[in-house]
Structure formats: structure tokens, C-alpha cells
Amino acid sequence: MAERLMRRLAELATLSDMPGGLTRLFLSAPHKQAVEKVGAWMREAGLSTHVDAIGNLVGRKGEGKALLIGSHIDTVRDAGWYDGNFGVLAAIEAVQAAGELPYAVEILAFGDEEGVRFPQTLSGSRAVAGSFDAAALAGRDADGVSMGEALLAFGGDPGGIAAVARRPEDVLGYVELHIEQGPVLEAEDLAVGVVTAINGASRFAVVVTGDAGHAGTVPMVMRRDALAAAAEMVVAVEAVGRAHGDLVATVGSLAVHPGAPNSVPGRVNFSIDVRAPVDEARYQAVLAMAAALERIAESRNVDLSLTQTHDAPAVACAPRLQARLADAVASCGLPVRYLPSGAGHDAMAVADLCDVGMLFVRCEGGVSHTPEESITMADAQVAVDVLVGFLLNFAVQN
């Protein structure tokens with residue numbers, strides 16, 4: 001199974017807008033080609049297939065209430081082979097290996113998890129959950145093409161998106177396999193881990209304003225150096241992240257004005273990203289961070305503007321699905337490691353519909369969203385084995 005899975009992942013990676021690399025954007029020609037190829041593999045595994053109004057590829061096996069298994073087949077620019085794609089193709093292998101089950105299974109190959117082409121993101125999974133905002137169809141890409149126009153060209157139906165939504169009473173739950181995109185499993189020499197929650201996230205735009213001046217003529221004691229203040233603030237943000245368990249805090253961008261080697265910086269703009277699996281911990285950390293930044297601004301006699309630009313709540317994975325995934329891991333003779341997800345996933349949107357669970361697979365160096373993204377064939381086999389065990393155990397308990 002793993003050999004075929006890895007071969008198919010390599011084949012799928014050739015469907016790209018980027019010569020010599022992988023870029024597959026939502027509703028692009030390579031996305032259409034990927035839907036056709038993955039659909040053929042689903043049918044080979046005994047699933048019936050269709051493409052819904054938003055462009056999701058759906059493979060179904062069985063009758064009655066369905067367990068949903070999914071991930072995405074769109075990518076970031078200059079991507080790796082495994083982010084999203086692994087979860088879809090591993091699900092095909094597992095469903096085929098599990099054989100007949102006393103419940104239905106739907107494998108969902110979502111588009112637009114990455115949100116690279118249009119301002120909206122998670123369009124496919126939001127449609128399935130019934131939370132898609134039709135206003136997103138007016139959003140345009142860099143070439144001026146709207147999502148609605150691209151969807152029509154793809155063969156989709158903007159007017160039919162509402163009908164994509166599943167009814168909660170028809171769904172048994174949702175499970176997603178995904179590479180970890182972080183270093184924890186590799187550091188602990190573990191092939192897989194059970195996800196406890198998908199972190200909530202808060203983002204801020206920060207502006208620190210002092211006085212620009214000549215680097216040679218303004219005495220040190222008279223300076224209102226915005227960069228010196230911002231540097232201290234960056235360290236304070238890091239300290240907040242280090243002090244709060246699973247919480248992480250990051251300054252990812254910083255711009256200095258006027259940005260000349262012979263000028264005292266008069267203004268600095270920087271970003272803050274704070275994530276945690278528990279929202280209350282994140283809110284308390286944000287308050288501590290804001291207080292620290294205000295103290296620094298006051299002590300350095302600079303002005304501070306802190307504007308929130310994004311807030312997304314944490315999504316907890318259902319205890320019942322965590323337990324069954326853990327049982328499947330243990331049945332493979334492996335220790336069970338629970339860990340949160342710091343990255344967003346389609347499961348965040350599907351949680352509006354039903355219980356969600358996730359299984360992480362070790363990736364080399366914790367590297368993702370680059371061509372260096374890598375997993376081993378052995379770990380791929382473990383992941384498929386765990387999912388097969390989960391499917392069979394799920395059959396007994398539902």
C-alpha cells in the first residue's frame with residue numbers, strides 16, 4: 001500500500017502551474033487535472049465519485065450515515081508533495097484495505113484550504129459544513145478573475161453551493177490525516193500522533209512611532225528610537241510565548257522607516273501572531289503581551305498602536321474520535337502521543353457540522369510549505385494501518 005501511495009503522491013505532484021515545482025491553486029487547470037486523476041484512483045478503490053458545486057471531489061462507498069474522511073488537494077506556491085494530498089490518497093488506501101463496512105464512508109478532496117488564489121479560504125470545507133459565505137464568490141485573484149467566474153470555468157455551479165451542505169443527522173464524524181508540519185513527532189521518534197485541538201489564532205498589526213533623526217547628531221539620551229523600542233517588544237512577545245505551555249507567539253514581519261543606515265528610525269511596523277489550543281490561555285497571553293508592550297513604549301517615550309487583524313477560535317477534536325484514533329495507534333504497537341495543531345486545517349470548518357478528529361504523521365525536520373517537505377514510506381504505511389484500524393474499530397462501536 002505504502003509503495004503505491006508514495007508513487008501516486010509523486011504522480012500527483014506533476015500536476016502543477018509551476019515548471020519544475022508544485023503550485024496547484026484552487027479552480028486552476030492543474031486542480032481540474034488533479035480532481036480527474038484522484039477520482040480515477042477512488043473509483044479503482046471501489047468508490048463512486050462526483051464533483052460537487054464548489055469543486056470538491058467526493059468519493060463514496062456504502063449506504064446510510066457516512067463517516068467523512070478528507071483533506072485538500074490545492075497547494076501553496078512552490079509547495080511540497082504531502083501537505084493535504086497525503087491525507088486524501090492515504091484515505092483511499094485505507095478505505096480500500098478496510099473492505100466492506102457497516103456504514104458509509106465519504107472521502108472528500110477539498111479545494112481552497114490554502115487560500116492562496118482568492119481572499120476567501122476553506123471554501124470547499126465551509127460549503128460541506130454549510131457555512132460558506134456566497135459573498136466570497138465576488139473575491140478576485142491577482143488576474144482579476146472572480147471566484148464565481150473561475151468556478152463556472154471549472155465546471156462548478158455557484159448557485160448550487162448551498163446544496164453541498166451535509167445534514168448533521170447524516171454524518172457520523174470527520175477524520176483528517178495530515179503531516180504534522182512541525183518537529184515534535186520527529187524529535188520524539190514517533191511516526192504518528194493524535195491531535196487534541198487546532199489552535200485558535202490572534203493576529204495584530206503594531207506601529208511604534210518615535211522621532212526620525214540623523215544618526216550622527218541626535219544624542220542617545222534625546223532619542224525616541226522606534227526600532228530600539230520595537231526590538232525590546234519583539235523579545236517581550238517571545239517571552240510571552242515561552243511562558244504559556246502550548247502557546248506560541250511570533251513576530252513574522254518587521255518594516256523600519258526611513259530604513260537608512262545613517263538615520264534614527266522614526267517608525268516601525270511589525271506583526272504578531274499568537275496561537276494556542278485553549279482560547280482562554282490565548283486571551284490571557286494577549287493581555288499580558290499588550291501590557292508588556294505598553295510598558296516598553298512608556299519607558300522609551302514612543303507611541304504604540306496595537307490593532308487586531310484576525311481572531312479565530314480554537315477547535316477541539318472530539319474526545320470520542322481521539323480515543324478511537326489512540327486505540328488504533330496502540331493496536332499497531334505504538335505509543336500514543338497527543339499534541340495540538342498549530343496550523344489550520346479543513347477540520348476547522350467541518351467542526352461546524354460534526355465532531356472532528358485528526359491524526360498527524362511525522363515529517364522530516366518539521367518542514368512544510370516548501371519543496372523540502374518529506375515523509376518516509378514506513379511512516380506512510382503506519383498512518384494507513386492506523387486509519388484501517390480506526391475504520392474497523394469505528395464499525396464495531398457505531
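The values are calculated or read from the model by the stated rules, or taken from the named source; none is laboratory data. Worth saying up front: this structure is predicted, and the values here are computed from it rather than measured. With ideal geometry, Cβ positions are generated from the backbone for all residues, glycine too; neighbour counts draw on all protein chains shown.
Criterion first (over 14 Å from the mean Cα position of the chain (by Cα), β-branched (Val, Ile, Thr) and either not assigned by TED's automatic domain parsing to the domain that holds VAL350 or not in a helix (DSSP H, G or I) (or both)) does VAL105 satisfy it?
Considered against the rule, which asks whether it is over 14 Å from the mean Cα position of the chain (by Cα), β-branched (Val, Ile, Thr) and either not assigned by TED's automatic domain parsing to the domain that holds VAL350 or not in a helix (DSSP H, G or I) (or both), VAL105 comes out as yes.
Of all residues in the stretch 301-328 being in contact with a helix residue (DSSP H, G or I) (Cβ under 7 Å, 6 or more places away or on another chain) and not charged (D, E, K, R), which is farthest from ASP211 (Cα to Cα)?
Here the answer is ALA328.
Checking LYS61 against (1) closer than 24 Å to ASP133 by Cα; (2) touching a residue at least 12 places away in the same chain (Cβ under 8 Å), which test does it fail?
(1)
For the stretch 340-375, which positions are more than 15 Å from THR75 (Cβ to Cβ), in contact with a strand residue (DSSP E or B) (Cβ under 8 Å, 6 or more places away or on another chain) and not in a loop (DSSP other than H, G, I, E, B)?
Across the stretch 340-375, the qualifying residues are PRO340, SER341, ALA347, MET348, VAL350, VAL356, GLY357, MET358, LEU359, PHE360, VAL361.
Among ALA314, ALA323, which is the only one that is touching a residue at least 60 places away in the same chain (Cβ under 8 Å), out of contact with any Leu (no Cβ under 9 Å at 6 or more places or on another chain) and closer than 30 Å to PRO168 by Cβ?
ALA314
Has the stretch 17-38 got any residue that is of a type in the set (Gly, Ala, Ser), more than 23 Å from the chain's Cα centre (by Cα) and modelled with pLDDT under 95?
Among the residues of the stretch 17-38, at least one is of a type in the set (Gly, Ala, Ser), more than 23 Å from the chain's Cα centre (by Cα) and modelled with pLDDT under 95, which makes the answer yes.
Kindly indicate which of SER299, SER374, SER305 is surrounded by fewer than 21 Cβ atoms within 10 Å (Cβ to Cβ), over 23 Å from ALA197 (Cα atoms) and touching a Cys at 6+ places or on another chain (Cβ under 8 Å). Can you show your working first?
On the way: SER299 fails: touching a Cys at 6+ places or on another chain (Cβ under 8 Å); SER305 fails: touching a Cys at 6+ places or on another chain (Cβ under 8 Å).
On inspection, the qualifying residue turns out to be SER374.
Is it true that THR217 is under 30 Å from ARG300 (Cβ atoms), loosely packed, with under 15 Cβ neighbours inside 10 Å and not hydrophobic (A, V, I, L, M, F, W, C)?
Spelling it out, THR217 is indeed under 30 Å from ARG300 (Cβ atoms), loosely packed, with under 15 Cβ neighbours inside 10 Å and not hydrophobic (A, V, I, L, M, F, W, C).
Here is a check on your reading of the model: is PRO371 assigned by TED's automatic domain parsing to the domain that holds ARG8 and either under 26 Å from ARG242 (Cα atoms) or at pLDDT below 95 (or both)?
no
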